[in-house]
Structure formats: structure tokens, C-alpha cells
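Student: Just dropping this structure here.
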Amino acid sequence: MQPLNQLVEADRVHRSVYTDPAIFDREMTDIWEKIWVYCGHESQVKKTGDFHTVQIGRQPMIMVRGSDGRVRVLYNRCPHRGVQLCGSRQGNTGSTFVCSYHAWTFHLDGRVKGIPLPHGYDGTRLTQDNPDCSMKAAARVDSYRGFVFASLSADGPTLLEFLGDARIAFDDMCDRSPEGEVEIVPLCHRVVQQSNWKFFMENQLDALHPSVTHQSTGIAAGRVERKLQQAGETPPLYYHYLSTFASSFDQWDSVQTVNFPRGHGILKGYMGLRPDDVDTQEYVAGMYRAYGEKRAEEFLGRSIHHVLVYPYLSVQSPLQQLRVLRPIAPNKTLSEIWHFRLKGVSQAIYRRALWYYNLVNSPATLINADDLENWTKGQLGLESNGGDWVSFHRQFGRDTIEEGVSYSNCGTSEVVMRNQFKAWAQYLGSQP
Ligand code: FES
Ligand SMILES: [Fe+2]
């Protein structure tokens with residue numbers, strides 16, 4: 001592996017950061033297995049014994065609700081001979097984890113409860129009060145507005161320090177509920193991307209690609225939208241969701257990105273999400289009742305499309321959607337795409353967001369498929385000997401930087417990627 005400062009320059013990076021297994025291993029140990037990683041939402045584990053398995057870096061973990069009501073994150077590993085305790089993705093384990101191999105049992109906080117045929121250990125150094133007999137817990141667990149994170153490192157920034165200004169993702173999502181809370185929809189789209197995780201993170205705030213990559217969908221939706229308008233009808237909002245993908249480059253340049261320390265960032269809003277219909281009027285009235293007009297308008301008027309929590313989360317807060325990456329290999333990344341319900345709003349408002357969720361992410365849509373094809377082809381291109389460098393020169397030197405935050409002056413600036421790689425190099429211990 002070359003020294004990192006030879007891999008990441010201010011305006012370009014070496015292709016091996018997307019392809020080299022040694023670099024991927026470093027990312028797992030020095031980034032994923034240290035930072036705060038999103039595990040899930042508290043509403044995924046409502047009852048005592050509810051669990052959900054989750055991958056943090058290369059570590060299989062269990063998020064579980066204890067009998068004391070606390071949510072914990074434990075390694076999914078039996079202390080006896082290492083077998084995973086939860087074989088399914090989610091469920092309820094009752095009051096105890098039971099190992100399927102030799103039936104050791106554990107409390108929901110990970111403490112060993114029972115070892116069968118205990119006399120077989122008499123006189124050995126294995127005693128039940130030995131901490132090695134209990135399940136190991138993540139070093140730190142914390143949550144923000146119901147979103148649960150764990151860090152496998154005892155040291156490092158607090159969750160709020162890690163999130164920094166990107167915490168707006170969760171505020172924006174929850175503040176849009178008159179009750180200030182969301183609840184997870186317990187099914188997600190799972191997509192294995194045949195590409196390095198960085199393609200996804202770069203793409204989320206890449207305003208240069210939608211009108212190229214998503215042109216066919218955007219133009220077709222715009223055509224129907226116009227036809228309905230010409231016929232005097234109001235096109236359903238979901239046509240607008242798709243037609244905006246084919247906005248002009250001038251329009252995309254007017255949508256700014258804000259790029260924070262640690263690689264986080266925001267793509268500002270570009271879609272109108274407040275149609276003048278009865279459902280929206282009723283929803284806005286409910287928000288006014290809950291918060292007063294001024295605060296409600298502040299919440300509803302935030303200009304946000306995506307918020308990125310680098311290096312693994314893309315939160316589309318105005319539409320209650322969250323995508324989380326679980327890297328598998330340099331050229332393979334699992335993405336989980338979750339959806340949330342605003343508490344205290346009508347079914348119509350929920351369905352409106354659900355339309356977006358499915359129109360953009362379901363296996364039946366071309367939006368995600370077109371992105372996935374780019375990333376697969378991108379990975380194949382970077383694995384070739386056709387060139388060594390990946391270019392992030394667009395608008396280089398023309399962004400506004402204030403107190404560590406880079407503001408694009410053109411929405412299509414590649415400042416997003418430059419900012420992400422700055423954070424990446426810092427995580428891996430070298431300033432470019
Ligand atoms: S491996 Fe779990 S009880 Fe033996
Ligand atoms: Fe896209």
C-alpha cells in the first residue's frame with residue numbers, strides 16, 4: 001500500500017482507494033470499528049427481548065432491548081466456542097439468549113445466566129463470574145432522537161460531537177411530526193451494490209449526474225406531468241419527484257451543497273413538497289397546533305434534500321428515508337434503505353413519502369437501477385489499468401470555506417468528494 005498522502009491529493013485520488021483490499025481492511029479497523037455507527041431505531045426493538053442484528057465494520061452485533069428497558073448493542077458471539085447467538089435478522093429472544101450449540105444462556109444485557117452441566121468445569125479456570133463467560137458489549141451506545149448508534153472504541157468523540165451539524169438529519173426528520181417523533185417501518189429494501197462504498201457516498205450529493213443518469217425517467221415523468229397540466233388537472237406529486245431529476249444544469253448549479261468537517265454534508269432542497277391540497281393543509285394545521293406557526297414554518301421550511309453522515313449514512317429527512325451502508329468488500333457494499341412514519345400525521349402524508357421511497361429505491365424503479373449501473377461500471381473501470389487517477393477538479397478553488405465548512409457556489413462542484421476524502425485521509429492518519 002502506498003503512503004496515504006500519495007493516494008489522496010486535494011483535487012484527485014488514486015484509484016486504489018476504491019479497489020485495494022489492504023486499504024479496505026484499514027477502513028474497517030480505523031474507521032468503521034472506531035466511529036459511531038448507526039445500528040437502528042429504538043422502535044425496531046420496542047419490547048423486552050426484541051433484537052435486531054447489525055454489522056459494524058466486520059463485527060456481527062445484536063441490538064437488543066433489555067428487561068430494564070435499555071437498548072444495548074452486544075457482539076453476536078457465544079463466549080463458549082464462538083457460535084453466533086442470533087441466527088436471524090430480527091425477532092424476540094424472550095428473557096434470555098440461548099446458544100444453539102451447547103445451550104449456554106445469557107441475560108439480555110449479555111451477562112451469563114447458565115452453563116449446563118457445570119461440574120464439568122470444576123477445578124478449571126472457567127468460572128461463571130469470569131467476565132469471559134459473558135457476551136461482550138459494544139464499548140459505547142448512545143441514541144439521538146430515537147436513532148441508536150454504537151462505537152466499538154471506548155475513546156473518541158461523543159455521538160453528538162461525531163454527528164456535528166449533520167445531526168440536523170434527525171432533527172429535520174422528527175420535527176416534521178407534530179409529536180416530534182418517528183417510528184420505523186419495519187421492512188427495508190436491501191441492495192448489494194457491486195461497487196466500493198465511496199461511489200454511493202459521492203453520488204448522494206452529486207448534482208452533476210441526475211439529469212444525465214436519470215434523464216430517461218425524468219423526461220418521461222415531465223411529459224406526463226405537462227400533459228395533465230395542459231388538460232387542466234393537477235398532476236400527482238409523485239410525477240414531480242421524478243421529473244425534477246431531469247432539471248437543467250443551471251437549476252442543479254443553483255442547488256448548493258454544504259460540506260462539514262468529518263465528511264458530512266447537506267444537499268439543499270430542490271423539490272416542492274408542499275402542494276396546496278386538503279391533506280397538506282390538514283397536516284400543516286396540525287403542525288401549527290403543535291408548535292405554533294413560527295416554529296412550525298421553521299421546521300417545514302428547512303431547505304434540505306439529503307444529509308450525509310459520512311461515511312455510511314444518507315438521510316432524506318423531508319421524506320423520512322434513511323439509507324445506511326454496510327461495506328462487505330472493496331467491490332461490494334450492502335445498502336439498507338429504511339423508511340419512517342411521522343407520528344401523529346394522516347395516512348395520506350405517510351403514503352406520499354412512501355411513493356418517493358418506492359419510486360426511487362424499489363427493484364421496479366429505474367432510478368436506483370441507473371445509479372447502480374454507473375457504480376458497477378465505475379468499479380470495473382477503476383479496477384482496470386486504463387488510468388490511475390479519479391478527478392475531483394470541478395470548481396476546485398472556487399468554493400467558499402468558512403470555519404471548516406465548505407459551501408459550494410455551484411451545486412455541481414466536486415467539493416463534496418474533496419471534503420469526503422479530506423475526512424477519509426484524516427481517519428486513516430494522514431493529512432493530504
Ligand atoms: S458455543 Fe455456545 S454454548 Fe457452546
Ligand atoms: Fe442518482
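Throughout, read-outs are computed from the coordinates displayed, never taken from laboratory work. Small disclaimer: the values here were computed from a predicted structure and weren't measured. Here the Cβ positions follow ideal geometry from the backbone for every residue, glycine too, while neighbour counts run over all protein chains shown.
Student: To the nearest 500 deg cm²/dmol, what mean residue ellipticity at 222 nm is calculated for the chain from DSSP H runs of n ≥ 4 alone, each contributing -39,500 (n - 2.57), summed and divided by the residues?
Tutor: -8500 deg cm²/dmol
Student: If the convex hull of the alpha-carbon atoms of the chain is projected onto planes in all directions, what is the mean projected area in square nanometres?
Tutor: Working: hull surface 94.3 nm².
Mean orientational projected area (the chain, Cα hull): 23.6 nm².
Student: Let me ask something else. Can you give me the relative contact order of segment 30-135 as a percent, contacts being Cα pairs under 8 Å and 6 or more apart?
Tutor: Reported relative contact order: 20 percent.
Student: Let me ask something additional. To the nearest 0.05, what FRET efficiency results for residue 276 and residue 143 with a Förster distance of 41 Å applied to their C-beta separation? Kindly include the intermediate steps, with their values, before the conclusion.
Tutor: Values: r = 37 Å, r/R0 = 0.90.
The computed FRET efficiency comes out at 0.65.
Student: In degrees between 0 and 90, to the nearest 10, how far off the longest principal axis of the chain does helix 415-427 point, with axes built from Cα atoms?
Tutor: Rounded to the nearest ten degrees, it is 20.
Student: Sticking with this one: Can you give me the long-range amide H partners of residue 411? Hydrogens built in the peptide plane at 1.01 Å from N, cutoff under 5 Å, separation of 5 or more residues or another chain.
Tutor: 253, 254, 255
Student: Report the extension gain between residue 70 and residue 47 in nm, rounded to one decimal, defined as 0.36 nm multiplied by the number of residues separating them, less their alpha carbon distance.
Tutor: Result for the pair: 7.3 nm of gain on full extension.
Student: Report the gain in length on full extension from residue 129 to residue 216: 0.36 nm times residue separation, minus Cα-Cα distance, nm rounded to one decimal.
Tutor: Taking 0.36 nm per residue and subtracting the Cα distance, the gain is 24.9 nm.
Student: Extending each Cα 7 Å along its Cβ direction at residue 328 and residue 290, get the distance between those two points in nm, one decimal.
Tutor: 3.7
Student: Strictly over 29 Å apart at the Cα level, which of 343/422; 198/343; 34/332; 198/227; 136/377; 136/422 would you flag in this model? Display every interim value, and only then the final one.
Tutor: Details: 343/422 38 Å; 198/343 33 Å; 34/332 21 Å; 198/227 39 Å; 136/377 40 Å; 136/422 33 Å.
343/422; 198/343; 198/227; 136/377; 136/422, as the Cα separations exceed 29 Å there.
Student: While we're on this one: Rounding to the nearest 10 and keeping the result within 0 to 90°, find how far the Cα-based axis of helix 366-382 lies from the longest principal axis of the chain.
Tutor: Once rounded, the angle reads 70 degrees.
Student: Can you give the relative contact order of the chain as a percent, counting alpha carbon pairs under 8 Å and 6+ residues apart? Before the final figure, lay out each step's value.
Tutor: Working: 820 pairs, mean separation 89.4, N = 432.
This gives 21 percent for the chain.
Student: Remind me, relative contact order of segment 162-296 in percent, using alpha carbon pairs under 8 angstrom and six or more residues apart?
Tutor: It comes to 24 percent, rounded to a whole number.
Student: While we're on this one: Tally Lys and Arg at +1 and Asp and Glu at -1 over the other residues with C-beta under 13 Å from the C-beta of residue 6: what net charge comes out?
Tutor: Working: positive: 12, 15; negative: 9, 20, 388.
With Lys, Arg at +1 and Asp, Glu at -1, the net is -1.
Student: Write out the cysteines belonging to the chain for which the nearest other cysteine Cβ is not under 4.7 Å, or none if no such cysteine exists.
Tutor: Cys with no partner Cβ under 4.7 Å: 39, 86, 133, 174, 188, 410.
Student: Right, next: Return one number: the angle in degrees, 0 to 90 and rounded to the nearest 10, between the long axis of the Cα atoms of helix 347-361 and the longest principal axis of the Cα atoms of the chain.
Tutor: With rounding to tens, the tilt is 90 degrees.
Student: Once you have the Cα-Cα distance between residue 19 and residue 223, take 0.36 nm times their residue separation minus that, and quote the gain in nm to one decimal.
Tutor: Computed gain between residue 19 and residue 223 is 69.4 nm.
Student: Using only the Cα atoms of segment 181-427, what are the Rg and Dmax in Å?
Tutor: Calculated on Cα positions, Rg and Dmax stand at 18.7, 61 Å.
Student: Taking the Cα-to-Cβ direction at residue 121 and at residue 249 and moving 7 Å from each Cα, how far apart do the two end points lie in nm?
Tutor: Placing both labels 7 Å along Cα→Cβ, they lie 6.8 nm apart.
Student: Neighbouring Cβ atoms within 10 Å as the yardstick, rank 367, 56, 328 fewest first.
Tutor: Least crowded to most crowded, the residues run 328, 367, 56.
Student: OK, next. By count of other Cβ within 10 Å, fewest leading, how are 389, 252, 32 ordered?
Tutor: 389, 252, 32
Student: Each label point is 7 Å from the Cα along the Cα-to-Cβ direction; what then is the distance between the points at residue 407 and residue 33, in nm?
Tutor: Between residue 407 and residue 33, the simple spin-label model gives 4.1 nm.
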